[in-house]
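These notes are about the structure you will find just below.
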Amino acid sequence: QVELEESGGGLVQAGDSLRLSCVVSVTIFSKASMAWYRQAPGNERELVATVTRRGATNYADSVKGRFTISKDNGKNTVYLQMNNLRPEDTSVYYCNAHVEEMWPRGPREYDYWGQGTQVTVSS
């Protein structure tokens with residue numbers, strides 16, 4: 001069962017825009033804070049943007065003012081609108097769902113990941 005499925009990556013030129021989508025299973029989406037991460041070859045995976053269950057957003061400094069994270073609760077989908085793309089944005093982008101649950105013996109955290117979608121920005 002696929003729980004997170006990304007789409008929307010591709011090859012674009014510097015200055016162009018792309019919108020990534022991540023469809024999330026209902027059971028996870030209703031409990032999760034959502035995020036987009038990216039990982040370029042040879043680099044660690046880095047956090048790009050987050051949106052909480054209540055809709056609060058946060059961004060990495062490198063994408064502030066250019067990227068926007070949003071979600072559609074009716075479609076169980078989170079988006080990443082990427083404008084004014086730069087060659088350094090080239091990465092595999094991953095959708096992440098983070099769930100925190102309170103169990104009798106204490107809190108538990110779960111992370112779910114999509115398969116990743118490639119974004120390549122040419123100069």
Qualifying trypsin sites (Lys or Arg not before Pro) for region 58-123 [loop in DSSP, other Cβ within 10 Å: at most 12]: K64, K75, R105
Debye equation applied to the C-alpha atoms of the chain, log10 I(q)/I(0) at 0.19, 0.23 Å⁻¹: -0.99, -1.37
Carbon plus sulfur fraction of accessible area for region 1-64, probe 1.4 Å, in percent: 45 percent
Region 5-109: GluC sites (Glu not before Pro) in DSSP loop, at most 14 other beta carbons within 10 Å: E44
Computed helical MRE - 222 nm, the chain, DSSP H runs ≥ 4 contributing -39500 (n - 2.57), nearest 500: -500 deg cm²/dmol
Aspartates and glutamates with Cα under 20 Å of K31, excluding same-chain neighbours fewer than 8 positions away: E3, E5, E6, D72, E100, E101, E109, D111
Residues of the chain: accessible area per residue with a 1.4 Å probe, Å²: 58 Å²
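The values are calculated or read from the model by the stated rules, or taken from the named source; none is laboratory data. The structure presented is a predicted model; accordingly, all values stated were derived computationally and were not measured. With ideal geometry, Cβ positions are generated from the backbone for all residues, glycine too; neighbour counts draw on all protein chains shown. Each accessible area value is taken on the protein alone, full model and side chains, heavy atoms only, with ligands, DNA and RNA left out. Shrake-Rupley method; radii C 1.70, N 1.55, O 1.52, S 1.80 Å.
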